[in-house]
Structure formats: structure tokens, C-alpha cells
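Worksheet: one structure, shown below.
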Amino acid sequence: VLCAIALAGAAVHIETVPVLNPGNLADSRMMDDGTTGYGAVNYEYRIGKYEVTAGQYTAFLNAVGSVDTYALYNEDMLYSAGITRSGLGTVYSPYRYSVSPDWVNRPINRVSWGDAARFANWLHNGQPTGAQDATTTEDGAYALLGAITNEELMAVNRKADARWAIPSEDEWYKAAYHKNNGVTGDYWTYATRSDFFPGRDLTDLDGNNANYEGTPFPIDGPYYMTRVGQFRNSKSPYGTFDQNGNVCEWNEAVIHGWEGLERGY
């Protein structure tokens, strides 16, 4: 899920929903990790309605990954997202990427925080085609400029004029759980507009369902992931899907440890 202001006429269309009620109070409940106080945002913003798909990420790779200087493609994506790569990654034999039709609308998986930031930069810059440089992936919403190590990525912050970005922890939390009822501090427990643990019913007639591991698994291999928005009656109060379940999602906070920055979910 990306935090965004939509760009008209973009080749990759990422549908967004508005998150209103600026100045809402934070969630006062204690989290499992002992922290509290998430979700307060004092401005309006938009956020991706769905998780970024394998099809959208494949378009990104084909635009800027002919050499793939910063390893935006992970070989695990063949099995986790149905994306294949051909070519040698040279001027005379550039990389080309394709995605299986069965995977196009399932969420991209095995991307790092740096990958997500470079994808956001590409969107911010208007989805250009070319080498991975300051005009495509290395500057825009984030001044990455070749940042690849954990220490370098930890120092990167969102620019004030960012048009597309990885959501902050509060932006992500508000879109998932806030009850969308004014400037209150009222929050649901789950991102399906419910305080009850979600089910896993793929027919999703009554809502409050999500794709998460268990017996039986909602969807068998090789996919395991549902198509984005497949639980059509289980959206969040602001209209997002799959903020609970399917795949883990990045936000701008470092919450999985440094090793997750280099190669994560």
C-alpha cells in the first residue's frame, strides 16, 4: 500500500482512496509490543486502495530494470510473484520481465524497503523509462542516490514535496483502523471494520475476512496470496483492502530490524 496523490495519465494506474478527518486523535489502546499512540494524522492524504500488484511491479521493472543496478528484481519473485526475467542485463542483452496472468493481480512479494522507496520515486517522477538514476529511481520522494546498505537507508527521509511515498506508520495505521468518524480516537481492532478476529471465507458475503495462515489455508499453493480486493466486503473504514493479511506491508518506520531493510517482504 502506497501513500499517494494520484498522477493523471500514468501508465501504471494505482487506485487511491482519501483518508480524511485531519487532526484525529491517536489510538490510546496498548499494542502487543507495549507501545501506544498510533494513528493521529493532522492532514488529509490518499492511500492505495489495494496492495501493489505483481503486474504493476513488472511494469516498473521493465521501465528501469534493463540493467538493474540496484537489484530491484529478486530471483524469489519467480515463485512468490510469478515474475520471470530474461536477458543478461547488458546494453546488448538487456533484462526483460514478464508476469504470469495468474499472478498479475496478486500482491508483489519479496521487495525490500529500498525497492519500495525506488518504486515510489519512479511514480513521483512520472513513471519514466531509463537507467536507475536521479531521474527515475534515485531521487524524487526520497533522496536515495545509490543508498543500498542498512546504514544508508536508515538515513533516508521523505521529502516535503513527495507526491507518492511509503506511508508513515501513523498514515498506515489510520487508514487501516480509524473508524472514519471525525477527529475521534475511535479505532477498530482489525482493518476489516471489526473488533472480532477475521474469518477466512473466500465467498466473503458478510465481511470481516482476510487471507492469513492457518488450517485449512484460504488458498492453496503455489499462490497462497489472494488477488487484491478479493475479500470485497472486508474493506477498512476508508476503503482499503488487505491491510490485514495477504502479505506484509512496509511503512516508513523500521519495525522488523535492519536486516529487513535490505531484503524484506
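Read the figures in this text as sums done on the coordinates, not as results from a lab. None of these values were measured; they are calculated from a predicted model. Note that we place each Cβ from the backbone using ideal geometry, even for glycine, and neighbour counts take in every protein chain shown.
List of remarks:
- Helix axis angle, 54-64 relative to the chain longest principal axis, alpha carbon, degrees: 40
- Rounded to the nearest 500, the helix-only mean residue ellipticity at 222 nm of the chain stands at -4500 deg cm²/dmol, with each DSSP H run of n ≥ 4 adding -39,500 (n - 2.57).
- Segment Phe197-Lys179, length gained on full extension (0.36 nm per residue, minus Cα span): 4.8 nm
- Residue with peak Gaussian network fluctuation, the chain [Cα springs, cutoff 10 Å], from Tyr177, Tyr43, Tyr224: Tyr43
- GNM top mover of Val17, Val41, Val91 - the chain, alpha-carbon springs below 10 Å: Val91
- Relative contact order of the chain, pairs being alpha-carbon contacts under 8 Å that are 6 or more residues apart, as %: 22
- Most fluctuating residue given options Thr203, Thr129, Thr58, as computed from a GNM of the chain linking Cα atoms under 10 Å: Thr203
- Structure-derived Cα extents along the principal axes in Å - corresponding label in (i) 81, 51, 35; (ii) 56, 42, 36; (iii) 54, 38, 37: (ii)
- Classification of region 63-121 by its C-alpha gyration tensor yields an oblate form. The axis ratio a/c (a ≥ b ≥ c) is 1.5 or more, and b/c is at least a/b.
- In region 166-215, the GluC sites (Glu not before Pro) that fall in loop regions by DSSP, at most 10 other Cβ within 10 Å: Glu213
- Overall Cα dimensions of region 27-125 - principal axes, largest extent first, Å: 57, 28, 23
- What the phi angles of region 181-191 give under the Karplus curve with 6.51, -1.76 and 1.60, with θ = phi - 60°, is a coupling list of 10, x, 8, 6, x, 8, 9, 7, 7, 10, 7 Hz, glycine and proline written as x.
- Under the Debye formula (equal points on every Cα, no solvent term), log10 I(q)/I(0) of region 82-214 at q = 0.10, 0.15, 0.16, 0.19 Å⁻¹: -0.53, -1.00, -1.07, -1.19
- DSSP bridge pairs, the chain: antiparallel proportion in percent, nearest 5: 95
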